[in-house]
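J.: Here it is: the structure, laid out below.
Nothing in this text is a laboratory measurement; each read-out follows from the coordinates by a stated rule. Just so it is clear, the model here is predicted, and its values are computed rather than measured. Here the Cβ is made from the backbone with ideal geometry for all residues, glycine too, and neighbour counts use every protein chain on show.
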Amino acid sequence: MSERERKLLMFFGTAGVILLCLWGYTTFINKRNSVRAERATAETTLKEAELFEKSQEALADEIDWLAEHEPAPEAGEQVPGKLQQLCAAEATRAGMTVKQQKILPDKISGDDNVPRRYMSAKVEFNVTGKEQQMYAWFDRMHSPNDFRVISTLRLTPNRDDDTQIDCVVTVEQWYLPLSNELQ
């Protein structure tokens, strides 16, 4: 082999080694970047899972409470009437005068195509009574364990009698509809 061929062979050998090193370096960098991206994704997934677990633990008590207190399914036509009768009977028992009572339609905002698990019945009462009687009635009507709340309340002094209070109150009752009534 001549000197010139040796130099050419050394040149190609050196060029090959350099190209091989460059190829190895770029492969290493690409692999390192993909491993970092996978690690970041895994860390994000882990954080989301930890947050989900914490929220699930926080909701566990509420889920247990709901399982204990969930009412039996009822016919939707009967619930507003029963609620109206209950409110009227309790108001009379508390010594208040019921001036007016009416059943309000169930207005739920949002998408009507989404099925709802619970339906609500609302009744509005216009009553007059003494303050202490009024609060006792509110206490009996507002019962979250029975899925019943006072959703609106407006108190005004009675024009004729200073010892009396006029009140307009809306009582709302959530219930499970029968399976054939689900929207």
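J.: Give the residue from PHE138, ILE150, THR128 lying farthest towards the positive end of the charge dipole for the chain; charges sit on Cβ (+1 for Lys and Arg, -1 for Asp and Glu) and the dipole is referred to the Cα centre.
T.: ILE150
J.: Work out which helices of the chain, taken as complete DSSP H runs, extend at least 18 Å along their axis over the Cα atoms and score a mean Kyte-Doolittle of -0.5 or more, then list them.
T.: Working: long enough: 3-69 (97 Å, -0.27); 78-93 (22 Å, -0.34).
What comes out of the filter, once short or polar helices are dropped, is 3-69, 78-93.
J.: I would also like to ask the following. For segment 1-69, what does the convex hull of the Cα positions come to per residue, in cubic angstrom?
T.: Details: hull volume 4.0 nm³, N = 69.
For segment 1-69, the hull spanned by Cα atoms encloses 58 Å³ per residue.
J.: Here is a further query. Using only the Cα atoms of the chain, construct the convex hull and provide its projected area averaged over every direction, in square nanometres to one decimal. The partial results should precede the final answer.
T.: Working: hull surface 84.9 nm².
So the mean shadow area of the Cα hull is 21.2 nm².
J.: May I pose another question? Run the dipole for the chain about the Cα centre, Lys and Arg Cβ at +1, Asp and Glu Cβ at -1, nothing else charged, and hand back the magnitude in debye, nearest 20.
T.: 1180
J.: Straight-line reach from LYS122: which lysines have a Cα under 27 Å away, not including same-chain ones fewer than 8 places off?
T.: LYS82, LYS99, LYS102, LYS107, LYS130
J.: Once R0 is set to 25 Å, what does the formula 1/(1 + (r/R0)^6) return for the Cβ-Cβ distance between ARG116 and GLU48, expressed as a FRET efficiency to the nearest 0.05? Walk me through the numbers on the way to the answer.
T.: Numbers: r = 28 Å, r/R0 = 1.12.
Rounded to the nearest 0.05, the efficiency is 0.35.
J.: Then there's this: What is the sum of charges, Lys and Arg at +1 and Asp and Glu at -1, for the other residues whose Cβ falls under 9 Å from the Cβ of LEU83? Mind dumping the intermediate values first?
T.: Numbers: positive: LYS82, LYS122, ARG148; negative: GLU172.
Charge balance near LEU83 sits at +2.
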